[in-house]
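Worksheet: one structure, shown below.
The values are calculated or read from the model by the stated rules, or taken from the named source; none is laboratory data. Quick caveat, the model's predicted, so the values are computed rather than measured. Reconstructed Cβ throughout: ideal geometry from the backbone, glycine too, with neighbour counts over all protein chains shown. The accessibility values were calculated without ligands, DNA or RNA, using every heavy atom of the protein model including side chains. Shrake-Rupley method; radii C 1.70, N 1.55, O 1.52, S 1.80 Å.
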Amino acid sequence: MKILKYLLPYVTITSFNYYFAKDAITFSSPIFFNLIRYVISSIIFLSISRGKIIFNRDVIQLAVYTTVSSLLWAYGLLYVSPAESAVLSYTMPLFSIPISFIILLERPAVLEIVGVVIGFSGVILYGLPLVHGLTLFGSIITIVNALFWGLFTVFYRKLKGYDPITVNASQFSIGSIILALLLPIHHNIDPNPEFYIGIAYTSTLGGAISFFLWNMMVKAEKIPKVTVLSFSVPILTTLVEFLLYHVLPFPIQLFGIFLMFLGILISRSRTLLS
């Protein structure tokens, strides 16, 4: 699997991102939180691209979709836990696959569709014990975030002919401007060590690097193949919680993890056997 070198670090980084983000937005508005993330990420990419950016309709759309997704994800975390946010966010493949068919004309194979259905059923089972206390507003926001995640994923694929460093430099620069214009709406901040640690992680590993890795995976393979792999994040998150906090998943969650893993195997079966 040629994207494995991007997938492994992406899954590892993303599994922790929800927790660091939750800590950070406890002490700042989601707009301020994301503005700092985007400014830091844009500085990183602009320094590598030597200030080169792309400014066209597709890149502007990419930046808008990415920024909206980041904002909704952060606002959702005000109302739901990191684990709940992770489960709800991984409805993304259900949006990205039909969107890629409409925009890119990428027709998913039967095995890829079967893999998504099985993997998503695993997400549902995994999330059932988390439903207790789950607020409706936070759930809706987080699911809409998944829709915009699917949109910007498709546009990453659409822009695969461009240099990914320049694409990300452009995306974060435009996103920083959008967030700066929105800042007067909600600008509170109460910085402390937890906030700085959360910002540091979500801006570098969980920001610039994770977006770059996701871009590289989508650049390398079709949307249906890549997005099914995102089910790896809830699987690893559960393993990390067990190793660090000795939290044993419920039997239904273990079965959900099995279905997520099975969905990945089925969707990738032709690649694995070739």
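DSSP loop chymotrypsin sites (Phe, Trp or Tyr not before Pro) in region 39-115 with at most 14 other Cβ atoms within 10 Å of their Cβ, which ones?
Here the chymotrypsin sites (Phe, Trp or Tyr not before Pro) that fit, given the DSSP loop and packing criteria, are 55.
Tell me which of 47, 68, 135 sits at the most positive position along the dipole axis of the chain, charges placed on C-beta atoms (Lys, Arg +1; Asp, Glu -1).
Selected residue: 47.
Under a 5 Å amide H to amide H cut-off, with H placed in plane at 1.01 Å, what residues pair with residue 28 once short-range neighbours are removed?
190
List the lysines whose Cα lies under 29 Å from the Cα of residue 52, skipping any in the same chain that are fewer than 8 positions away.
In chain and number order, the partners are 2, 5, 158, 160, 219, 222.
How long are the semi-axes of the equivalent ellipsoid of region 1-269, defined as square roots of 5 times the Cα gyration tensor eigenvalues? Whole Å, largest first.
Equivalent ellipsoid of region 1-269: 27, 24, 16 Å, largest first.
Residue-wise, which Karplus ³J(HN,Hα) couplings in Hz belong to region 52-58, taking 6.51 cos²θ - 1.76 cosθ + 1.60, θ = phi - 60°, and x for glycine or proline?
Ordered by residue, 3J(HN,Hα) equals 7, 9, 10, 10, 9, 4, 5 Hz.
Using the Kirkwood formula over every pair of different C-alpha atoms, what hydrodynamic radius in Å results for region 53-203? Walk me through the intermediate numbers first.
On the way: mean 1/r = 0.0586 Å⁻¹.
Taking every pair of different Cα atoms in region 53-203, averaging 1/r and inverting gives 17.1 Å.
With a probe of 1.4 Å, find how much accessible area region 1-269 has per residue, and write the answer as a whole number in Å².
Each residue of region 1-269 exposes 43 Å² on average to a 1.4 Å probe.
How high is the FRET efficiency between residue 26 and residue 124 when r is their beta carbon distance and R₀ equals 30 Å, given to the nearest 0.05?
Taking R0 as 30 Å, the efficiency between residue 26 and residue 124 is 0.60.
Output wanted: per-residue J couplings in Hz (rounded whole) for region 159-171, from phi through Karplus 6.51 cos²θ - 1.76 cosθ + 1.60, θ = phi - 60°, x for Gly and Pro.
9, 4, x, 8, 5, x, 5, 5, 4, 5, 4, 5, 4
Once you charge only the Cβ atoms, +1 for Lys and Arg and -1 for Asp and Glu, what is the size of the charge dipole of region 192-274 about its Cα centre, to the nearest 20 debye?
Once rounded to the nearest 20, the dipole reads 480 debye.
Name the longest site-free stretch of the chain, where the excluded sites are trypsin sites (Lys or Arg not before Pro) in a DSSP loop with no more than 12 other beta-carbon atoms within 10 Å.
Within the chain, the longest run free of exposed trypsin sites (Lys or Arg not before Pro) spans 51-274.
In nanometres, what is the gap between the two model label sites at residue 4 and residue 258, each 7 Å from Cα along Cα-to-Cβ?
That separation, rounded to one decimal, is 2.5 nm.
What size of dipole, in debye to the nearest 20, comes out for region 1-154 about its Cα centre when the only charges are +1 on Lys and Arg C-beta atoms and -1 on Asp and Glu C-beta atoms?
Here the size comes out at about 460 debye.
Can you list the residues of region 226-267 with backbone N under 15 Å from a point 7 Å past the Cα of residue 109, pointing along Cα to Cβ?
Residues 226-229, 263-267 fall inside that zone.
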